[in-house]
Amino acid sequence: MDAASLRTQSRQLVRELGMLDRQCGNLDITPVQAHALIELECQPLSVNQLAARLKVDKSNASRTSASLLNAGLLTTQADPEDGRKQLSRLSEQGQALLDTLNQSLNQQVAHFMAQLDQDEVEALAQSLRRYTKAIQASRQQEGYLLRLLTPLDNAAMAAVVRRVSAEHGLTADKGYGVSDPTLDALSEVYSSPGSAFWVVEKDNRILGGGGIAALAGEEAVCELQKMYFLPELRGKGFARRIAATALKFARQQQYQACYLETTASLQAAINVYKGLGFVRIPHAMGQTGHDACEVRMLKTL
């Protein structure tokens with residue numbers, strides 16, 4: 001599915017859910033007001049906090065809060081940490097309205113789910129969570145550039161590999177990737193057919209990267225390689241984005257499977273690979289030269 005097709009599906013979903021209506025469900029309340037009530041049920045919030053939760057601008061959140069307050073659905077109180085600010089919370093009337101709304105919409109969604117088998121429901125939930133995370137990651141990645149490695153990046157990327165390896169105790173004498181003799185010439189390594197390497201750049205600094213190449217000793221199998229990211233880049237979704245980019249590239253190159261090796265100390269990376277469909281296998285594959293990497297994973301393409 002391409003971007004245009006996904007947008008079409010999203011528009012249809014929005015319409016089917018009635019999110020273009022001026023009211024939510026059968027109640028005289030707009031969708032944004034309903035979302036505000038849901039957030040305010042959890043805890044009192046200022047206008048700025050509500051805007052951040054709803055992903056809307058402050059003026060929108062302010063208008064929404066004012067309309068709910070005028071309708072008697074909210075009450076306000078001084079912020080105990082800053083008396084100049086006001087916090088909004090649900091009134092008894094607001095809580096009663098939200099309870100009615102939740103009951104009505106839960107029944108509606110239950111009817112939708114009745115059209116699906118349990119495995120379809122679980123697959124839908126997983127896809128929605130993944131899509132939401134992708135949107136959040138995309139927002140966090142603004143201002144960064146993901147591009148292919150060039151010869152001018154060799155020294156910087158090698159420095160990233162060495163720094164991250166030292167951070168996790170992955171020393172050259174133990175057979176990890178930092179010991180590769182080609183570490184300072186990655187652009188030459190990944191210029192061969194069926195290979196590619198991507199780096200993340202910000203303010204003319206290389207902050208991390210990862211690549212893919214044919215797995216020596218195996219037919220039609222590639223290897224995800226040298227996924228290293230400086231601390232300031234972590235948590236922004238770039239590991240997953242580069243891995244996903246590499247897998248798409250691998251399919252274009254007609255690889256049938258993708259292999260990787262890592263170590264148990266890199267649990268966050270292992271979780272990323274699991275989320276992409278890699279599964280652990282009990283034996284090593286190919287001729288990687290990294291005998292110290294005890295975690296081996298494979299994904300069928």
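The values are calculated or read from the model by the stated rules, or taken from the named source; none is laboratory data. The shown structure was predicted, so the numbers you read here are calculated from the model rather than taken from an experiment. In this analysis, Cβ positions are derived from the backbone assuming ideal geometry, glycine residues included, and neighbour counts consider all displayed protein chains.
Quick grid of which residues meet (1) under 23 Å from the mean Cα position of the chain (by Cα); (2) surrounded by 12 or more Cβ atoms within 10 Å (Cβ to Cβ):
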| residue | (1), (2) |
| --- | --- |
| R84 | no, no |
| R89 | no, yes |
| L98 | no, yes |
| L105 | no, yes |
| L128 | yes, no |
Scanning segment 54-72 residue by residue, those in a helix (DSSP H, G or I) and surrounded by fewer than 17 Cβ atoms within 10 Å (Cβ to Cβ) turn out to be K58, S59, N60, S62, R63, A66, S67, L69, N70
Restricting attention to segment 248-260, the residues that are in contact (Cβ under 8 Å) with a residue 40 or more places away in the chain and closer than 22 Å to H283 by Cβ number exactly 6
Among K226, K236, K202, K299, the single one that is closer than 20 Å to A166 by Cβ and touching a residue at least 12 places away in the same chain (Cβ under 8 Å) is K226
Restricting segment 290-301 to residues that are assigned to a loop (DSSP other than H, G, I, E, B) and over 18 Å from G210 (Cα atoms), the one modelled with the highest pLDDT turns out to be L301
Discussion item. I'd like to check something: does segment 240-257 contain any residue that is touching a Lys or Arg at 6+ places or on another chain (Cβ under 8 Å), modelled with pLDDT of 95 or more and farther than 28 Å from L152 by Cβ?
Written reply: yes
When segment 262-301 is checked residue by residue, the ones that are within 18 Å of G217 (Cα to Cα) and touching a Ser or Thr at 6+ places or on another chain (Cβ under 6 Å) are C293
Here the residues within segment 258-288 that are touching a Phe, Trp or Tyr at 6+ places or on another chain (Cβ under 8 Å) and either among the basic types (K, R) or in a strand (DSSP E or B) (or both) are C258, L260, T262
* Out of all the residues in segment 50-73, is one or more farther than 28 Å from R22 by Cβ and either among the hydrophobic types (A, V, I, L, M, F, W, C) or touching a Pro at 6+ places or on another chain (Cβ under 9 Å) (or both)? -> no
Across segment 44-70, the tally of residues that are in contact (Cβ under 8 Å) with a residue 12 or more places away in the chain and either among the small types (G, A, S) or touching a Lys or Arg at 6+ places or on another chain (Cβ under 8 Å) (or both) stands at 9
Scanning segment 10-35 for residues that are part of a helix (DSSP H, G or I), surrounded by 11 or more Cβ atoms within 10 Å (Cβ to Cβ) and not β-branched (V, I, T) gives S10, R11, R15, P31, Q33, A34, H35
